[in-house]
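First the structure, in the form of structure tokens, and then the observations on it.
The values are calculated or read from the model by the stated rules, or taken from the named source; none is laboratory data. Note that the coordinates shown come from a computational prediction; the quantities given were computed from them, not determined experimentally. As a convention, Cβ positions derive from the backbone with ideal geometry for all residues, glycine included, and neighbour counts pool all protein chains shown.
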């Protein structure tokens, strides 16, 4: 694929997602005003007709769809979607306030799942087709069938309710009585343990299976048999030959799977009431908060597209064959 066609595909995906970003929130039943006032029944919040009219005017809900779309595009290009309906604060500020919490658990889960998955896949491939490989393989298959929210509920009931090892919810203890930064850091870490473990287990099986299959393929190559016949130690063969050659095709998959972790954080943060981007997205959907939904969807779209771009950019530098093919103009 040439660079121009690759850039065109990214642009088309971005345009398609931007259109979905505008239409999907408006396909939900009700709207921001209806949600705030309880849908016309016993209102959750009482609003006067003047207040309703002011809200409708500020958020352009009385305007035509075309006018709303133009205002939406202005927000996209300026990264300014106005005030959130629920929080009465700028959308950009709300997202930036919640983003570090999601990056904490997603980053930690990404590192743990990659390290454990690659090592477990290597070990399984080296023991293939023995009993240890079969046992580990079946365990990972079973783990991949369990959804994130169920893993989170198990951890929540077991480690937080029964054993009381970790907090039930939140990202930090309110009004923690300590002036030492280490106490606050430990408190944040204790709150992040269960969401991180849940995301790690939910994404571990995919990386393990990819590494195992690729390592088994590399293990059957003639140069591995030749290295073993020369008397090279097993550890050197595994880490110096199998791991290096098997991990190469996995680099792009691992980078792309980070986007899957961001998506998985929506359910996990909801289970643990963790105040990150996923929990914020759930609150925005329930509240029909159009400006906040626009900002969140745009941020997630740019995040996933950036990961795919990094994967496409870095892979030719890792595999000289692709770089050579690109120079010759041959298709990948």
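From the list 263, 202, 215, exactly one residue is surrounded by 20 or more Cβ atoms within 10 Å (Cβ to Cβ), at pLDDT below 85 and assigned to a helix (DSSP H, G or I). Which is it? Step through it out loud before you land on a result.
Details: 263 fails: surrounded by 20 or more Cβ atoms within 10 Å (Cβ to Cβ); 202 fails: at pLDDT below 85.
Being surrounded by 20 or more Cβ atoms within 10 Å (Cβ to Cβ), at pLDDT below 85 and assigned to a helix (DSSP H, G or I) holds for just one of 263, 202, 215, which is 215.
On the basis of being at pLDDT below 90 and either buried (at least 17 other Cβ atoms within 10 Å of the Cβ) or within 18 Å of residue 281 (Cβ to Cβ) (or both), does residue 103 make the cut? It is false that residue 103 is at pLDDT below 90 and either buried (at least 17 other Cβ atoms within 10 Å of the Cβ) or within 18 Å of residue 281 (Cβ to Cβ) (or both).
One residue stands out in region 274-322 among those that are outside any helix (DSSP H, G or I) and over 21 Å from the mean Cα position of the chain (by Cα): the one that is modelled with the highest pLDDT, namely 289.
Taken over region 1-47, the criterion of being at pLDDT 75 or above and over 20 Å from residue 81 (Cα atoms) is satisfied by 8, 9, 10, 11, 12, 13, 29. Screening residue 146 against (1) touching a helix residue (DSSP H, G or I) at 6+ places or on another chain (Cβ under 9 Å); (2) under 24 Å from residue 120 (Cβ atoms); (3) not in a loop (DSSP other than H, G, I, E, B) leaves a single unmet condition, (3). Among all residues of region 139-147, there is at least one that is within 14 Å of residue 197 (Cα to Cα), exposed (fewer than 13 other Cβ atoms within 10 Å of the Cβ) and in contact (Cβ under 8 Å) with a residue 60 or more places away in the chain. Kindly provide the set of residues from region 154-184 that are part of a helix (DSSP H, G or I), without any contact (Cβ under 8 Å) to a residue 12 or more places away in the chain and either touching a helix residue (DSSP H, G or I) at 6+ places or on another chain (Cβ under 7 Å) or farther than 21 Å from residue 268 by Cα (or both), ordered by number. Within region 154-184, 181, 182, 183 meet the criteria.
One residue stands out among those in region 56-81 that are in contact with a helix residue (DSSP H, G or I) (Cβ under 7 Å, 6 or more places away or on another chain) and modelled with pLDDT of 85 or more: the one that is nearest to residue 296 (Cα to Cα), which is 72. Applying the set (1) within 30 Å of residue 189 (Cβ to Cβ); (2) touching a helix residue (DSSP H, G or I) at 6+ places or on another chain (Cβ under 7 Å) to residue 115 leaves exactly one unmet item: (2).
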